[in-house]
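The values are calculated or read from the model by the stated rules, or taken from the named source; none is laboratory data. Predicted model only: the values in this text are computed from it and were never measured. Here Cβ is always computed from backbone atoms with ideal geometry, including for glycine, and neighbour counts include all displayed protein chains. Note: areas computed on protein heavy atoms with side chains; ligands, DNA, RNA excluded. Shrake-Rupley method; radii C 1.70, N 1.55, O 1.52, S 1.80 Å.
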Amino acid sequence: MAVPSDMYFESVVQPGHEGWLLLKSLCARFTYHSEMEWAEKLARGLVSVNGAVANAATVAHKNDKVVYHVENYTEPEVPTDYDVVFEDDEFMLVAKPAGVPVHHTGRIFYNTFTSIVRRGTDCETATPMHRLDRDTGGLMLFAKYVESAARFQKNLDRILLRKFYLAVVRGRFQMAVPGCADSRYVSVGENEGGGFVDCKMPLREDPADRIRLRMHFFEDGKDCHTRLRLVKQGVLPDGSDYSVVEAELLTGRKHQIRAHLSELGFPILGDRLYSFDGRYYEKMTDKVAEARSRGELSTEDALSEEDFAVLGGRSHMLYAYKAEIQLPYWKTSRTFSCMNFPEEMAKLV
């Protein structure tokens, strides 16, 4: 969906900024522009407060509505296709493509997946009940109305009963506890679906990690539970082994499946953050930062084709392919699935 060349961003003055110069408040909150740049935008009449054009002498008061007009607005391109797998009067189950963020990021405001769904379905209040990482595609449950979202958001497990993902990982995944795993947190079991590996490694960020957002196994981390089942094994074009693994998400922590598989020694193909010690994630972020410093948005050349070949894919191969749902007005639960895998992943799955 084409991004408008003129965008208007709204915000409200925080109580702590009562009586500040608006210029100072803008600099404190929105650091993507320097003080000189904000002063220039005020001088050009691109900022208004409560409907009136502001200037460098404007004083901010709590709860003032500030609107910032951005000219010649651009965003990095993202996929905007999606499929509605199920819909009724209150909810939608929508298949998200890999590569688009659910909520706004530092550079993407217009084409977030939430905004894409709202525009495409004419349901302006559609609200995601949970989220997927930007590079993870698959099924997402949306409430059509704010009231529905508020009623079930804190008790999502009452309606979204089970969530299943498919992941393509490096190596030959076995129905056994890997030698690298802590047996207190990893076990093997069997149920009507066959054998599985239960991973309950607690996860948290490591302040000593040079990549702060990465999750690691720590005994004092947050409780996590992923159930893993081997689907198939194969050989990549370079001769190395890969496995397709079904992962049932029994808790919903940040990067849970990616981190658990990495800790077990089976990183997901294409995962820049959890493969190769994160060096391709760092290379990408460094090049994106360089581009931004030049006023450029494109990240297409942040990694080379050779980098993608080593990683095994242009995005990580993790897809939320199946969900069991029990809406309050249904007598029994229903299971939905979607196989719209990214092309690279589809070839292996």
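How many of the residues making up segment 64-81 are in contact with a helix residue (DSSP H, G or I) (Cβ under 9 Å, 6 or more places away or on another chain) and at pLDDT 95 or above?
The total comes to 4.
How about segment 99-156: which of its residues are aromatic (Phe, Trp, Tyr), in contact with a strand residue (DSSP E or B) (Cβ under 6 Å, 6 or more places away or on another chain) and over 22 Å from Thr335 (Cα atoms)?
Phe113
Consider Ser48 carefully, then state whether it is polar (S, T, N, Q), modelled with pLDDT under 95 and closer than 21 Å to Tyr73 by Cα. Walk me through it before giving the result.
Values: polar (S, T, N, Q): yes; modelled with pLDDT under 95: no; closer than 21 Å to Tyr73 by Cα: yes.
So Ser48 does not fit the description; no.
Condition first: open to solvent by 20 Å² or more (accessible area, probe 1.4 Å) and among the hydroxyl-bearing types (Ser, Thr, Tyr). Now tell me which residues in segment 138-193 satisfy that.
Tyr145, Ser183, Tyr185, Ser187 - these are the residues of segment 138-193 that are open to solvent by 20 Å² or more (accessible area, probe 1.4 Å) and among the hydroxyl-bearing types (Ser, Thr, Tyr).
Are there any pairs, at least 6 apart or on different chains, whose C-beta atoms fall under 7 Å, with the first in segment 84-111 and on the phi > 0 side of the Ramachandran plot and the second surrounded by fewer than 18 Cβ atoms within 10 Å (Cβ to Cβ), and if so, which?
Close Cβ pairs satisfying both conditions: Gly99/Pro79.
Is it fair to say Glu10 is under 20 Å from Ile108 (Cα atoms) and of a type in the set (D, E, K, R)? Outline the logic, then answer.
Details: under 20 Å from Ile108 (Cα atoms): yes; of a type in the set (D, E, K, R): yes.
Answer is yes for this residue.
Pull up segment 304-339, narrow it to residues that are assigned to a loop (DSSP other than H, G, I, E, B) and open to solvent by 80 Å² or more (accessible area, probe 1.4 Å), then point me to the one that is farthest from Tyr242 (Cα to Cα). Before the answer, list the steps.
We begin by selecting, within segment 304-339, every residue assigned to a loop (DSSP other than H, G, I, E, B); these are 304, 312-317, 326-333, 338-339.
Now narrow it down to the ones that are open to solvent by 80 Å² or more (accessible area, probe 1.4 Å): 314, 329, 331-332, 339.
Numbers: Arg314: 16, Tyr329: 42, Lys331: 41, Thr332: 37, Met339: 19 Å.
Per the criteria, the residue is Tyr329.
Residues in segment 273-281: is at least one assigned to a loop (DSSP other than H, G, I, E, B), open to solvent by 20 Å² or more (accessible area, probe 1.4 Å) and among the charged types (D, E, K, R)?
no
Please enumerate the residues belonging to segment 59-104 that are of a type in the set (Ser, Thr, Tyr), open to solvent by 50 Å² or more (accessible area, probe 1.4 Å) and within 25 Å of Met317 (Cα to Cα).
Tyr82
Looking at segment 128-149, which of its residues are within 22 Å of Thr251 (Cβ to Cβ), β-branched (Val, Ile, Thr) and not in a loop (DSSP other than H, G, I, E, B)?
none
Residues of segment 93-108 being modelled with pLDDT of 90 or more and farther than 23 Å from Arg162 by Cβ, which ones?
Correct list: Gly99, Val100, Pro101, His103.
Residue under question is Glu10, and the condition is that it be open to solvent by less than 80 Å² (accessible area, probe 1.4 Å), closer than 26 Å to Thr114 by Cβ and touching a residue at least 24 places away in the same chain (Cβ under 8 Å); does it hold?
Judged against the criteria, Glu10 is not a match.
Counting just the residues of segment 186-236 that are in contact with an Asp or Glu (Cβ under 9 Å, 6 or more places away or on another chain) and of a type in the set (S, T, N, Q), which one comes out farthest from Asp271 (Cα to Cα)?
Across segment 186-236, the extreme among qualifying residues is Ser187.
With the requirement that a residue be free of Cβ contacts under 8 Å to residues at least 60 places away in the same chain and assigned to a loop (DSSP other than H, G, I, E, B), what does segment 180-190 give you?
Asp182, Ser183, Arg184, Tyr185 - these are the residues of segment 180-190 that are free of Cβ contacts under 8 Å to residues at least 60 places away in the same chain and assigned to a loop (DSSP other than H, G, I, E, B).
What number of residues within segment 7-24 are over 26 Å from the mean Cα position of the chain (by Cα) and farther than 13 Å from Lys65 by Cβ?
Count: 9.
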